[in-house]
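Each remark here refers to the structure printed beneath this line.
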Amino acid sequence: MYCGSCLRDNALAAQLLAQGHDVTLLPVYTPTLTDEANVSEPEVFFGGISVYLEQHVPLFRHTPKFLDRIWDAGPVIKAFANRSVSVDPRMLGELTVSMLRGEEGYQRKEVRKLVRHLEREPAYDVISLPFTLLIGLAPALRRLGRPIACTLQGEDLFLEGLVEPWRTQSKELIRRQLPHVDAFLAVSEYYARFMSAYLGIPREKLHLVPIGINLDGHSPRGPRQGGPFTLGYFARVAPEKGLHRLAEAYRLLRRERGLPPSRLLAAGYLAPEHRGYLARIEGRLSEWGLRGEFEYRGVLSRAEKIRFLGELDVLSVPGDYVEPKGMYLLEAMVSGVPFVQPRHGAFPEILERTGGGLLFDPADLGSLADAVLSLQADPTRAAELGRRGAAGVREHYNAGRMAARAAEVFASLVARAGAGAAS
């Protein structure tokens, strides 16, 4: 899968490097997978196989590094990851708690490997964790004497998927480690507010670093010429993202709102545990006589993604999950595609900055259908929204702007640490 967090972190690292900073991006669990040039290091820390074995087989908590290298090798991890391994949080509660315990957990050997590696490197100015699910590393990293930052980018979805008692224990362990982190970088204003309340993060430690995307290869287009109206979905195929809701809205459009024969296209990662979910959606579309108008394109490369977006008239990912990022909206808008999204999460602030779409009442699928139909009926308006969205993304949500803002936050941490040392 192309993970949104991996895409964001790789784009950030690449842009920081382009701006003249010295950056090392270390993969954790698996090699990072992005749809653009990958700037991460080849060595994987906390290799997913090692972490799993250490959790369930005590012997592997003490194996020497030369043996660990065998199953920590990127190709080995990829081979196992490609064999339909589920990462359903309902199955990973105990492992999550162990990781959040850091050096007190079953993966303490992996923590020490990471610390020893960093001790051999030239001293970093700042160490940045990708999300709070790795905050258990903070106490050990603190011994390196450098400020620690942590990005906030959607981990509540995983935490809320844990079953008890692991959910409560995980949140308590995260709260316990908050003092070891100097700054939290939220990807949206909404998520800064939410995570402050959700985990008790002090407001003075929160910094807004809006998400940004690599614009290379994207170019806005005008209205599509010819072909049926095309409604698109581009995100993970999972219940919280709402493909089933979009299918229901499409039924309303075709059977009750007078939309002429059209297309419903979907693309994005489909986890093994969600194959039945997609099959049920396809079954319902068949019952409604609309299966021939739906197509699932699967996981797309960067070039395929750009071509896919070029086929769409409108994009909608109408999930129940209150999104902190919405990277797929930025990718659609920079290609000139307007969006129709629920009025929650980061979407209102994205709309305010870009003007690239419409919002609907999340509790009313009829309002989703009506918004889509209004754009189908008025191509001139849809094109204008697409034009505004493309300009708004280029101004407010480009990766260069994201990197410059992150560098400001990191520089403030360095300055504060220097002032503290001098005093």
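The values are calculated or read from the model by the stated rules, or taken from the named source; none is laboratory data. What you see is a predicted model; the values in this text were computed from it and never measured. Here the Cβ positions follow ideal geometry from the backbone for every residue, glycine too, while neighbour counts run over all protein chains shown.
Taking the criterion of being in contact (Cβ under 8 Å) with a residue 60 or more places away in the chain and of a type in the set (A, V, I, L, M, F, W, C), the residues of the stretch 7-25 that qualify are Leu7, Ala11, Leu12, Ala14, Leu16, Ala18.
Would you confirm, using the coordinates I've provided, whether Leu118 is in contact with a Gly (Cβ under 7 Å, 6 or more places away or on another chain) and either at pLDDT 80 or above or surrounded by fewer than 20 Cβ atoms within 10 Å (Cβ to Cβ) (or both)? The answer is no for Leu118. For the stretch 30-39, the criterion of being surrounded by 20 or more Cβ atoms within 10 Å (Cβ to Cβ), part of a loop (DSSP other than H, G, I, E, B) and at pLDDT 95 or above is satisfied by at least one residue. Count of the stretch 189-220 residues, restricted to those that are of a type in the set (Gly, Ala, Ser), within 14 Å of Asn398 (Cα to Cα) and buried (at least 18 other Cβ atoms within 10 Å of the Cβ), is 1. Applying the set (1) over 23 Å from Ser196 (Cβ atoms); (2) modelled with pLDDT of 95 or more; (3) part of a helix (DSSP H, G or I) to Gly418 leaves exactly one unmet item: (2).
Meeting the requirement of 2 or more residues that are of a type outside the set (Ser, Thr, Tyr), surrounded by 18 or more Cβ atoms within 10 Å (Cβ to Cβ) and modelled with pLDDT of 95 or more, the strands (runs of 3 or more DSSP E) wholly within the stretch 230-331 are 230-234, 263-267.
Results for (1) surrounded by fewer than 19 Cβ atoms within 10 Å (Cβ to Cβ); (2) within 18 Å of Asp313 (Cα to Cα); (3) in contact (Cβ under 8 Å) with a residue 60 or more places away in the chain, shown as yes or no for each residue.
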residue: Pro338; (1), (2), (3): no, yes, no
residue: Arg343; (1), (2), (3): yes, no, no
residue: Glu352; (1), (2), (3): yes, no, no
residue: Gly366; (1), (2), (3): yes, no, yes
residue: Ala371; (1), (2), (3): no, yes, no
residue: Ala382; (1), (2), (3): no, yes, yes
residue: Ala403; (1), (2), (3): no, no, yes
residue: Glu408; (1), (2), (3): yes, no, no
residue: Arg416; (1), (2), (3): yes, no, yes
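Return the only residue of Gly357, Gly319, Gly418 being more than 18 Å from the chain's Cα centre (by Cα), of a type outside the set (Val, Ile, Thr) and under 28 Å from Phe229 (Cα atoms). Criteria check complete, one pass: Gly357.
Does the stretch 341-371 hold any residues that are in contact with a Lys or Arg (Cβ under 8 Å, 6 or more places away or on another chain) and in a helix (DSSP H, G or I), and which are they?
Residues satisfying the conditions are Thr354, Leu365, Leu368, Ala369, Asp370.
Going through the stretch 2-28 one residue at a time, which ones are outside any helix (DSSP H, G or I) and under 13 Å from the mean Cα position of the chain (by Cα)?
Hits for the stretch 2-28 are Tyr2, Cys3.
Tell me yes or no: at least one residue of the stretch 103-117 is under 25 Å from Arg61 (Cβ atoms) and in contact with a Phe, Trp or Tyr (Cβ under 6 Å, 6 or more places away or on another chain). Yes, there is a match, as at least one residue in the stretch 103-117 is under 25 Å from Arg61 (Cβ atoms) and in contact with a Phe, Trp or Tyr (Cβ under 6 Å, 6 or more places away or on another chain). Determine whether Pro220 is of a type outside the set (Gly, Ala, Ser) and modelled with pLDDT of 95 or more. No, not satisfied.
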